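Data block below; observations after.
The values are calculated or read from the model by the stated rules, or taken from the named source; none is laboratory data. Worth saying up front: this structure is predicted, and the values here are computed from it rather than measured. All Cβ positions, even for glycine, are placed from backbone atoms using ideal geometry, and neighbour counts span all protein chains on display. The area values use the complete protein model at the heavy-atom level, side chains included, leaving out ligands, DNA and RNA. Shrake-Rupley method; radii C 1.70, N 1.55, O 1.52, S 1.80 Å.
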Amino acid sequence: MNHPDLTVTLGRLKLANPVMTASGTFGYGEEYAGIVDLNRLGALVVKGISLRPRPGNPPPRIVETAAGMLNAIGLQNVGLTAFIRDKLPYLRPLAPALVVNILGETEDEYVEIAAALSDQEGVDAIELNISCPNVAAGGLVFGADPVATSRLTARVRAVTRKTLLVKLTPNVTDITVMARAAVDAGADGLTVINTLLGLAVDLTTRRPRLANVTGGLSGPAIKPVALRMVWQVARAVDVPVIGVGGISTWQDAVEFFIAGATAIQIGTANFFNPTVTMNVLEGITAFLIDSGVAKITDLIGTLRLT
Amino acid sequence: MDKNQSQFQTDPNPTSGITEPFSGSPRHIQAKVVATRRITNDVYHLSLMGEEIATAARPGQFVMVRVSQAVDPLLPRPFSIHRVMGDRFDILFRVVGQGTRILARTAVGETFAVTGPLGRGFLLAPGRVLLVAGGIGLAPLFFLAQDLISRGFCRPDEVTVLAGGRGRADILCREELTELGVRLQITTEDGSLGRPGLVTSLVQEQLEAASEPIRVVSCGPKAMLQAVAGLAAAAGCPCQVSLETGMACGLGVCLGCVVRKADTPGPAYLRVCREGPVFDAGEVFNS
Ligand SMILES: Cc1cc2nc3c(=O)[nH]c(=O)nc-3n(C[C@H](O)[C@H](O)[C@H](O)COP(=O)(O)OP(=O)(O)OC[C@H]3O[C@@H](n4cnc5c(N)ncnc54)[C@H](O)[C@@H]3O)c2cc1C
Ligand SMILES: Cc1cc2nc3c(=O)[nH]c(=O)nc-3n(C[C@H](O)[C@H](O)[C@H](O)COP(=O)(O)O)c2cc1C
Ligand code: FES
């Protein structure tokens with residue numbers, strides 16, 4: 001059999017393959033340059049960018065848990081201006097689609113960043129991280145409120161023609177409500193899921209093990225939750241869903257495709273297996289050949305319920 | 001990828017003879033264990049085969065070792081490069097938890113996924129140097145002593161190693177250090193070897209006795225580093241410290257390993273895996 005067709009489309013954006021990196025776990029790409037052939041990635045998603053540089057939270061910021069980790073980085077990043085000046089020139093000539101994850105404390109901040117990125121050649125898509133506290137709404141995260149999700153998505157949609165992805169938080173009662181709100185407001189695709197809120201306690205000191213008290217759980221431990229949410233969202237909306245959460249092997253990735261993901265992102269696994277993106281890409285390819293599937297799109301959403 | 005990319009950046013002022021080892025592009029390899037040795041009750045020594053890492057490694061740099069193929073423990077563990085020989089590199093570690101317990105059971109012939117060399121190592125500079133080690137903190141300082149001598153930065157008698165620990169079992173590499181010809185002085189808290197007390201008392205004596213500023217380099221528990229840095233600052237001596245924090249990636253991307261940058265009005269953080277693990281003491285300890 002010929003090499004299978006791995007191309008997928010997100011809005012107007014065509015990816016050479018469905019393997020993406022997850023925001024905050026792959027830096028600005030260059031950190032992995034000697035380890036991973038970056039040009040083989042389908043898309044590269046950079047660390048969340050805010051309008052101004054953010055110092056982040058005090059340490060300790062990470063703690064290992066069973067088959068996972070908690071993080072409370074506090075969205076430390078170089079800020080929009082430095083990103084465009086220092087990071088974009090390296091990323092622009094690379095083959096993978098470039099997705100810039102953005103965050104803000106107010107709608108205006110998101111809009112300003114999205115507008116500035118819209119003028120940037122080499123930026124293919126904007127991914128809204130809506131797991132951020134909405135200062136105007138007393139700190140409730142945007143993504144936990146369908147009205148805030150809808151308004152934010154619509155306002156960003158109005159200022160950009162780039163592919164617009166909205167990254168949903170799993171820390172909600174019904175993720176499909178948020179999914180519909182984002183799609184109705186103009187999202188081209190949904191990234192599902194961000195981290196799950198968690199806590200770890202030091203027995204000796206009886207203090208939280210993170211300075212921020214709580215943190216986001218990621219890694220293999222969250223895979224079943226992510227997979228369930230991808231399945232729910234994929235059934236609820238008619239835009240592509242990007243599956244993320246706990247993927248560390250090609251088998252994990254294939255589960256996400258079957259559950260309805262059009263593409264997948266790999267996060268925490270980059271930390272414990274820096275070549276995981278390449279391993280997953282090769283594994284998916286071999287799986288399609290072995291099972292006689294000519295196109296990855298023929299696999300997507302093929303979960304058998306009867 | 002550029003295999004021959006230099007791991008070495010020279011000081012812009014070449015006449016100073018100071019060389020600062022940075023991490024270039026790290027490698028990710030499957031490294032076979034070629035020797036294991038139990039040094040004390042809870043300290044072990046592993047030799048791993050890995051030319052890409054061994055030839056690029058600079059003193060003070062570290063590797064991330066994935067101790068298990070399973071997902072628990074999930075994250076790789078950071079270890080200083082303890083010494084290199086040809087295409088082998090060694091680590092020296094103390095068993096403190098699940099990951100190091102697994103490593104301690106390693107048999108020759110097993111392989112581990114290793115990423116490295118990582119981080120910014122020690123400054124290599126000519127002249128007298130005081131290496132202050134607390135317990136397992138000797139691991140990277142041994143490599144530094146060896147490198148300073150073999151590269152001709154220092155005569156063996158210009159290198160003084162001050163090694164401190166709770167008891168005699170914490171004083172590592174005595175024979176190897178003696179072989180190198182460095183000056184070695186020891187303190188133990190229980191008095192079972194060398195002078196009873198804390199290593200900082202030796203640091204103070206050495207700094208007071210010196211006729212001109214000596215470079216101080218230290219690795220060990222944080223409280224010790226802080227005390228050593230204070231003594232060095234008071235004596236007007238430059239001081240480098242090697243820090244440890246919990247790490248996830250080792251590559252500078254997760255931003256999990258940070259320490260607060262010293263003497264800044266607002267919060268600012270430095271990544272131990274990237275801007276460190278070796279810092280000028282003034283970068284991380286408030287003056
Ligand atoms: C740059 C760097 C270089 C290092 N070099 C060496 C070395 O050469 N030899 C060596 O023995 N160790 C070294 N360490 C420390 C080593 O990484 C930890 O001891 C190891 O990760 C512990 O793993 P574990 O699974 O056995 O313990 P865990 O189960 O992860 O932890 C056991 C206990 O140790 C504590 N702990 C874990 N890591 C650290 C840490 N970094 N600092 C303080 N407390 C910690 C935990 O909080 C816990 O209480 C280095 C660390 C860094 C960051
Ligand atoms: C250290 C760390 C930093 C992260 N930073 C961001 C971020 O800046 N923006 C964002 O949308 N998601 C961020 N995430 C979430 C990941 O992109 C991903 O959604 C989540 O970790 C689940 O995937 P995983 O289990 O494969 O890691 C971060 C995750 C980790 C572990
Ligand atoms: S360990 Fe990830 S940034 Fe330092």
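Please indicate, with yes or no, whether at least one residue in segment A:47-56 is open to solvent by 10 Å² or more (accessible area, probe 1.4 Å) and away from every other protein chain (no Cβ under 11 Å). Scanning segment A:47-56, I find at least one residue that is open to solvent by 10 Å² or more (accessible area, probe 1.4 Å) and away from every other protein chain (no Cβ under 11 Å), so the answer is yes. Taking the listed residues A:Asn71, A:Asn39, the one that is facing chain B (nearest Cβ under 7 Å) and among the polar types (S, T, N, Q) is A:Asn71, with no other qualifying. When restricted to residues that are farther than 22 Å from A:Ala43 by Cα and under 16 Å from the mean Cα position of the chain (by Cα), segment A:202-227 contains 4.
Within segment B:245-270, the residues that satisfy the criterion of being within 16 Å of ligand 2 (Cβ to nearest atom), facing another protein chain (nearest Cβ under 7 Å) and either on the phi > 0 side of the Ramachandran plot or in a strand (DSSP E or B) (or both) are B:Gly252, B:Leu255, B:Val258, B:Tyr269. Checking each residue in segment B:197-230 for being under 19 Å from the mean Cα position of the chain (by Cα), open to solvent by 40 Å² or more (accessible area, probe 1.4 Å), touching a residue at least 24 places away in the same chain (Cβ under 8 Å) and within 18 Å of B:Ser287 (Cβ to Cβ) picks out B:Gln226, B:Ala227. If you filter segment B:46-66 down to residues that are of a type in the set (A, V, I, L, M) and closer than 22 Å to B:Gly276 by Cβ, you find that the one that is farthest from the other protein chains (Cβ to nearest Cβ) is B:Ala54. Can you tell me which residue is farthest from ligand 1 (Cβ to nearest atom) among those in segment B:231-245 that are open to solvent by 50 Å² or more (accessible area, probe 1.4 Å) and in contact with a strand residue (DSSP E or B) (Cβ under 8 Å, 6 or more places away or on another chain)? Among residues in segment B:231-245 that are open to solvent by 50 Å² or more (accessible area, probe 1.4 Å) and in contact with a strand residue (DSSP E or B) (Cβ under 8 Å, 6 or more places away or on another chain), the one farthest from ligand 1 (Cβ to nearest atom) is B:Ala233. Out of A:Val147, A:Val183, A:Val159, one residue alone is more than 19 Å from the chain's Cα centre (by Cα), away from ligand 2 (no atom under 16 Å from the Cβ) and in a helix (DSSP H, G or I). It is A:Val147. Write out, first by first residue and then by second, each pair whose Cβ atoms fall under 6 Å of each other, whose residues are 6+ apart or on separate chains, and whose first residue, in segment B:137-158, is touching a residue at least 12 places away in the same chain (Cβ under 8 Å) while the second is open to solvent by less than 10 Å² (accessible area, probe 1.4 Å) and part of a helix (DSSP H, G or I). So the pair list comes out as B:Cys154/B:Leu148. Among the residues of segment A:213-262, those that are open to solvent by less than 30 Å² (accessible area, probe 1.4 Å) and either polar (S, T, N, Q) or within 16 Å of ligand 3 (Cβ to nearest atom) (or both) comprise A:Gly215, A:Gly216, A:Ser218, A:Gly219, A:Ser248, A:Thr262. Among the residues of segment B:177-196, just one is assigned to a helix (DSSP H, G or I), surrounded by 15 or more Cβ atoms within 10 Å (Cβ to Cβ) and more than 16 Å from the chain's Cα centre (by Cα), namely B:Leu180.
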